[in-house]
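Remarks on the structure that follows.
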Amino acid sequence: MNLILQGCKTERADIDGIVTLVQAQRVSAIAAHAWRCEGVNYSDALKAQVDAACLRLQVDYAFIEAGRTLADFKLVAMDMDSTLITIECIDEIADMQGLKPQVAEITEAAMRGEIEFGESLTRRVALLKGLDAGALQRVFDERVQLSPGAQDMLLAVQAAGLKTLLVSGGFTFFTDRMKQRLKLDYSHANQLEIIDGKLTGKVVGGIVDAQEKRLTVERICAELEVPTTRAIVMGDGANDLKMMGVSGLSVAFRAKPVVRAQASVSLNFVGLDGILPILS
């Protein structure tokens, strides 16, 4: 296995202890503040040691088979809220109602896997009843920001010929605009019901929950005539685990512990472009 080590300001000397720990056959710089340690004999025990050391140093790591590159994949599927973008849109919409603390509490519980996602969304959307729909545009204009490294990651994967999918338990108002802005290939999300310019507190049609996210990744891969193992899937919450589970490479980004524990790779410190050194 190769071990990729990277950090925001990490220098070569900072990782000497980890290099010694894993007994790498060779170490080479692959990007600014990123190194490839080759010929590492992987074990769960070694991973636990590397995990603890990297956490102390604020370094991200990834064990990956030698030779894997972006060319091995055909699709990058991304969650939106707190993954591609820095905010939870529903929390910011609720802020327009003065209800952000109540909604954010439910959001957090759902992302940790403590509340079933469909139930949590229904409860949160109900609290938005009566809000002027113009609040959605305000949130998009004033509060939506790309996560660190998102732009560079997308430019690289698009240049490599991969298709891009934004699949979200959030809302089409935001995914449609992000799809257009970033020139993404596909998007799928929940549709808020709006009548007479007001949110009704309901969504139109079925809810995009964990199962629907997985089915969406499977559907797009079938359309592209590739197995889901040729998809990279990125997420941060418990409702992303099912789609991450069918992927060839699952990436937990600034994620909840339950997600980090099950992902192929966790990016806790660097940006979304941290997948590029891993697949270089």
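Exactly one residue out of Ala71, Ala62 is buried (at least 19 other Cβ atoms within 10 Å of the Cβ) and over 24 Å from Val208 (Cα atoms): that is Ala62. Close Cβ contacts (under 8 Å, 6 or more residues apart or on different chains) running from residues in the range 130-143 that are within 21 Å of Asp196 (Cα to Cα) to residues that are exposed (fewer than 11 other Cβ atoms within 10 Å of the Cβ) comprise Asp132/Gly197; Ala133/Gly197; Gly134/Gly197.
Going through (1) farther than 30 Å from Val125 by Cβ; (2) over 23 Å from the mean Cα position of the chain (by Cα); (3) of a type outside the set (A, V, I, L, M) one by one, Gln97 falls short only on (1).
For Val226, state whether it is within 20 Å of Ala71 (Cβ to Cβ) and more than 16 Å from the chain's Cα centre (by Cα). Answer is yes for this residue. Between Asp236, Asp209, Asp273, the distinction of being touching an Asp or Glu at 6+ places or on another chain (Cβ under 7 Å) and either within 30 Å of Ala133 (Cα to Cα) or β-branched (Val, Ile, Thr) (or both) belongs to Asp236 only. Only one of the numbered conditions (1) touching a Leu at 6+ places or on another chain (Cβ under 7 Å); (2) surrounded by 22 or more Cβ atoms within 10 Å (Cβ to Cβ) is not met by Leu224, and that is (2). The range 227-280 holds no helices (runs of 4 or more DSSP H) entirely within its bounds that carry 2 or more residues that are without any contact (Cβ under 8 Å) to a residue 12 or more places away in the chain, in contact with a Lys or Arg (Cβ under 6 Å, 6 or more places away or on another chain) and surrounded by fewer than 18 Cβ atoms within 10 Å (Cβ to Cβ). Applying the condition of being of a type in the set (S, T, N, Q) and surrounded by 14 or more Cβ atoms within 10 Å (Cβ to Cβ) to the range 137-164 and asking which residue is nearest to the chain's Cα centre (by Cα) yields Ser147.
A short reminder: the numbers here are calculations on the coordinates, not readings from a lab. Remember, predicted model here, so these are calculated numbers, not experimental data. Here Cβ is always computed from backbone atoms with ideal geometry, including for glycine, and neighbour counts include all displayed protein chains.
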